[in-house]
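The next block holds one structure in the form of structure tokens; read it before the comments.
Read-outs: derived from the displayed coordinates by stated rules, not from any lab. Computed from a predicted model, the values in this text were never measured in an experiment. Methodologically, a virtual Cβ is constructed for each residue, glycine included, from the backbone with ideal geometry; neighbour enumeration extends over all protein chains shown.
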Amino acid sequence: KKENPLLAFSAIKALELMGSPMATPHLIEIAQEKMFKRAALEALGVISDIKALPCLLADFHSESENIRRVTLKALVTLGLKQEDENRELFRKLFREVYDERDYLFLASVVNHADPLLKRSAIRALGWVSEVRSVSILIPLLSEYNLDVVAALSEMGHLILPELSKLLERGLWEDERTRQAAATIWGEVADPTGVPFLLDLLKDNVAHVREAAAVALGKIKSKATVLSLMALLKDPYPEVQEAAVASLLKMKSDIPEDELVLALQQKSAHLRANAAQLLGELGLESAISDIAFLLKDSDEDVRRAAVFALGRFPFQKIIRPILSALGDEDYKVRVAVLKVLEQGEINSILEDLSPLVHDENMWVRAQLSRTIGHVSGETGLNLLRRLVNDPTGVVQIAALSALGTRKDGEILSDLLKKLSSEDKDVKKAAILALGTYGNPQAIEALTPLLEHPHWGLRAAAVSALGNLSLTADVVTSSSKIAAMADEDSDPLVRDAARFALFRLRGGVM
């Protein structure tokens, strides 16, 4: 209302913050008032309802420079949030109203100090996809501005000749320009860019090599496979990972014999990445070759071999992988246990039991997770030993595993840990009792609703919310309801509200 503009602006801002499309027709109406137009247009941009498009397109041609800028930002925000079908409709309508005056306006703000306005102009030029826009956007590649990359990528094949000319103009001396150019070629996925990208695989800057490797994975040219394989020994992990990911997109073109040979090469990076690729390819004839790497001098290679073997059928790799449980590097032993976690291991629990006394706490913690899903007395007894481990990290992992079990009587094991002086162990015991779901735990959990530590109060209220609806829980639900309103910590209040939701059968 004009007589109280401060209240009106506050109301518009509130509608913006709510973000509900239900506000769209009201904001469109408000945008007709000159006093409130700018605020309403900004709110429409944030809400990003496609129904606001006609209103925004009309104001994009406003005589007011400020309104044009606000509308441009709102339009681009709206356009970027649309799903595929609406996105194409949006761009079609935008191109239909676009004229020479709009081009001059966008060109004038493409280097504006306001980052959102600059971004909006860049993305809008990409949507229109005119050749003349290329000369405006190309110089911005040196910033490695992702919006520039996206805008030029949307121009598709229009941009490729200009990228080639960069070589002639010497602009490739800038590493960010090379990185951006590689990214664009990948987005356009045009095979004519392969020669340039192959050159960039040899670049002296790691992130340029990485961008080129990613781009070649999108183009998927068989001619690039060997060059990508050469990157498997790159000194930078991000470059290696990009090469592996791209090669996996061309599985049928990878020469398997070359990968097997790579397992024997001098570069540890190459051996590790070759093992990973062979595992991803599922080449069972290579199992023995990969298993040989379990004795490699490099711990990263041995760990890669463990995870590679984990990609094959469990029964075919169980024996070689168990041999790595004695590896001197704890990360390799942890890797073995992670692989074993995915299979049926009842028959090998005796092989795992010595790890209860492993010198490394992370191995013992992973052992807890690995045997957590194993039914039967043997696995349960191992977990009971781990629950009493001298290290809190191991106790927490073992308690979490115990809480998920449905066999055996473990209530007393969990209740004992409520007396732990380590608050993290105590919290793990509380949550495990909630997961275990035995109503007999309610009596022990209820007093913890008044614990001075907020984390333990939140854990207790969450655990009670997980338990079955019984008379005892109904009794403590009044305390939970009070916590939902009165607890001093907002996270505890949230946990209490969700617990009430559970206790009331999903009804607030």
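Computed values, structure above
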item	result
Inter-centroid distance (Cα atoms) of the range 369-408 relative to the range 326-344, Å	17 Å
Span from the the range 263-314 Cα centroid across to the the range 188-239 one, whole angstrom	23 Å
Nearest-20 debye value, the chain charge dipole, Cβ charges on Lys, Arg, Asp, Glu	740 debye
Within straight-line cross-link reach of LYS81, lysines at Cα separation under 25 Å, skipping those fewer than 8 residues along the same chain	LYS13, LYS37, LYS51, LYS73, LYS92, LYS118, LYS218
Förster-model FRET efficiency, 51 Å R0, ASN4 and GLU409, C-beta, rounded to 0.05	0.15
Candidate aspartates and glutamates - alpha carbon under 12 Å from LYS295, same-chain residues fewer than 8 apart omitted	ASP327, GLU328, ASP329
Partner aspartates and glutamates for LYS416 [C-alpha distance under 18 Å; skip if fewer than 8 residues away on the same chain]	ASP389, ASP424, GLU443
Charge-dipole axis of the chain as Lys and Arg at +1 and Asp and Glu at -1 on Cβ define it, positive-most pick from ALA286, ALA275, ILE371	ILE371
The chain, relative contact order in percent, only Cα pairs under 8 angstrom and at least six apart counted	5 percent
Identified option (computed Rg/Rh (Cα atoms, Kirkwood Rh); candidates [x] 1.09; [y] 1.01; [z] 0.96)	[x]
Rounded FRET efficiency, nearest 0.05, which uses the C-beta distance separating HIS357 from SER419 and R0 of 35 Å	0.90
Using a Förster distance of 45 Å, the FRET efficiency for SER142-HIS453 (Cβ separation, nearest 0.05)	0.30
Relative contact order computed over the range 317-437 (Cα-Cα under 8 Å; 6+ residues apart), in percent	19 percent
Extreme residue, positive dipole direction of the chain, given options MET155, ILE318, ALA458 (C-beta unit charges)	ALA458
Length-normalised contact order for the range 71-182 - Cα pairs under 8 Å, 6+ apart - percent	22 percent
Shape category assigned to the range 13-84 from the gyration tensor of Cα positions, a/c cut at 1.5	oblate
